[in-house]
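**Q** Have a look at this one before I ask anything.
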Amino acid sequence: MVPIRRRRRVPSRSAIVVSLLFLTLGLAGVMAYQAWDATRSHERIAKKTLAGHALSAAWELTSAIGRELHIELLRKGLDASYKAATNHPHAPLPPFRTFEKLLEDFGWTFRAAKFDFIFRMDFLKGKPEFRGDDPPVGEANQWFVVFLKELATAGPAEKRGPPAGIRIHGPPGKERVLVYELKFDPASGTYLAFGFQTDLSPVKAVVERVAKDTPLLPPALTDGADQSRLLSFTVSIPSGKQVYSSYPKYPPEIQEKGPVGLALGGLEGAVQINPDAIELLVIGGLPKSRLPTILGLLALTSAMVLVAFFQLRREQELSLLRTDFVSSVSHQLRTPLAQIRMFGETLLLGRVRSEEEERRSLEIIVKEAQSLTHQVDNVLHFSRAQRGEVALSLQRATLAPLVSEVLESFGPLAEAQGCRVEASLDETLEARVDPGAFRQVLLNLLENAVKYGPADQIVDVRLRKGAAGTVQLLVEDEGRGIPADQRADIFAPYSRLERDRDSGVAGSGIGLAVVKELARRQGASVRVEDSVSGGARFVVAFPRDEGSSD
């Protein structure tokens with residue numbers, strides 16, 4: 001019997017569609033769960049972030065209050081107290097009016113403060129002196145003396161309390177502010193205590209000033225929003241009594257506290273963050289929908305792919321340009337090197353037949369060495385410009401001698417090409433230039449004119465006054481000129497005219513780029529236009545030196 005082959009069962013299209021639908025549904029469920037979980041996680045992170053902002057704001061609040069209390073209440077008040085207590089150390093304390101005048105002299109600004117007394121206590125005598133309307137008596141006096149002695153004698157010197165500070169004490173509703181300082185007298189080996197006591201008005205004034213002038217959250221975070229829309233805060237004294245409360249008040253759901261410090265009154269600041277401020281204080285806020293994010297990421301990815309594609313194309317173009325540049329520069333360097341080597345070996349082997357041939361060989365070596373030096377300088381200037389490391393030293397200079405110097409050194413190179421260079425120079429023109437950079441600009445323009453012009457041409461170099469207070473350097477050749485639509489491109493790195501790419505004229509494509517960069521760094525502009533003969537005229541306009549004569 002011939003075995004019967006069973007036909008392979010092919011899943012139906014419906015099963016495939018249903019499977020795909022279930023798969024899509026499962027993926028949608030997974031994404032929905034991830035979105036829900038991400039939202040919850042973001043909420044937790046957002047609350048922690050808000051708590052961090054509240055803690056930072058509480059620290060900023062209490063730090064500002066502490067600084068203001070130290071400067072305005074502690075230092076100014078104690079400076080006045082010290083002068084009142086030590087101006088006549090063996091005489092009674094001065095009248096209270098004298099103390100108030102001293103406070104004004106030291107910049108005391110709390111006009112509404114009601115003083116109880118000023119005091120001085122020499123620990124050798126052990127008895128405090130008071131001057132004022134309400135000095136402490138009875139138990140209050142005993143507490144006062146014990147408090148000062150504990151500050152001076154409680155344990156080793158390095159473990160004692162601060163020698164100066166603010167103490168808020170008294171029953172609720174009758175709190176007073178004691179400002180004190182202890183100074184050690186080496187001569188007597190004991191302390192002198194001095195200070196004053198007042199009501200809470202200076203402390204309240206400091207807190208209100210801080211509340212008005214101190215931003216508790218970074219401006220970059222709040223984006224200029226009103227601080228009262230983002231948080232509220234309260235400031236309390238040790239008894240729990242609030243001395244300041246901002247408006248409006250927000251629930252203590254997100255709240256952090258910070259102490260001012262016992263030495264500065266033991267105040268406590270509490271900051272409450274507005275829960276509705278989460279969109280502003282937490283980057284990104286709470287996530288709403290994943291779809292805009294997904295679409296945004298898709299668009300961003302597509303844009304990045306396009307950017308990468310264009311970047312790769314640009315990189316390939318730059319790679320080809322660099323390859324052409326290296327090949328061209330290598331050719332330009334190899335030619336003078338070959339000449340230098342050939343005539344050097346001729347001289348070394350003594351193959352010259354006369355002194356005239358020997359001199360001619362040396363002239364060729366010098367000429368090719370100058371050409372080689374110019375090419376190397378061009379490459380170096382271009383490389384430094386690409387890295388932004390070109391550093392020029394501008395100085396006031398008469399330009400005609402610089403031009404003449406360049407023309408003298410370039411003369412042999414022009415003669416070797418059968419060209420003649422003619423100059424028309426205004427000897428009086430001055431500008432602030434870098435001499436080396438100026439020479440390099442002119443050399444590049446001369447080389448460009450000789451390279452792309454006919455063999456028997458005349459290259460015209462002129463130095464003249466230009467418009468709007470400029471000095472113009474002109475280099476004009478008798479070549480084929482430059483098309484108007486390509487004049488802006490020839491100053492770009494590695495750029496050459498299409499008609500010259502396949503010609504026998506070697507070029508690196510960086511000479512005019514170096515001209516433009518060096519001109520720009522000297523405050524000059526460069527352009528190209530048609531000459532009278534139909535060739536190219538390059539015009540470099542330098543700003544005239546302010547001290548030059550007209």
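Read-outs throughout are calculated quantities, based only on the coordinates presented, and are distinct from any laboratory measurement. All figures in this text were calculated on a predicted structure; none of them were measured in a lab. A quick note on method: Cβ atoms are made from the backbone with ideal geometry, for glycine too, and the neighbour counts reach across all protein chains shown.
**Q** For the range 34-288, compute the orientation-averaged projected area of the C-alpha convex hull (one quarter of its surface), in nm².
**A** Mean projected area of the Cα convex hull: 17.1 nm².
**Q** In nm², what is the average projected area of the convex hull enclosing the Cα atoms of the range 84-189?
**A** Average projection, Cα convex hull of the range 84-189: 8.2 nm².
**Q** Would you work out the Kirkwood radius for the range 391-543? I mean one over the mean of 1/r across all pairs of different Cα atoms, in Å.
**A** 15.6 Å
**Q** Rounded to whole Hz and in sequence order, give me ³J(HN,Hα) for the range 433-449 from the Karplus expression 6.51 cos²θ - 1.76 cosθ + 1.60, θ = phi - 60°, writing x for Gly and Pro.
**A** Residue by residue, the range 433-449 yields 9, 9, x, x, 5, 4, 4, 5, 4, 5, 4, 5, 5, 5, 4, 4, 5 Hz.
**Q** Going down the list Lys174/Lys241; Lys114/Lys257; Lys127/Lys183; Lys76/Lys174; Lys47/Lys249; Lys212/Lys249, which pairs span over 21 Å between their C-alpha atoms?
**A** Lys114/Lys257; Lys76/Lys174
**Q** Within 10 Å of each residue's Cβ, count the other Cβ atoms and sort Ile365, Ile273 from fewest upward.
**A** Ile365, Ile273
**Q** Can you sort Trp143, Trp59 by how many other beta carbons sit within 10 Å, fewest first?
**A** Starting with the residue having the fewest Cβ neighbours, the order is Trp143, Trp59.
**Q** Checking the cross-link filter: which lysines have an alpha carbon closer than 30 Å to that of Lys465, excluding same-chain neighbours under 8 positions apart?
**A** List returned: Lys451, Lys516.
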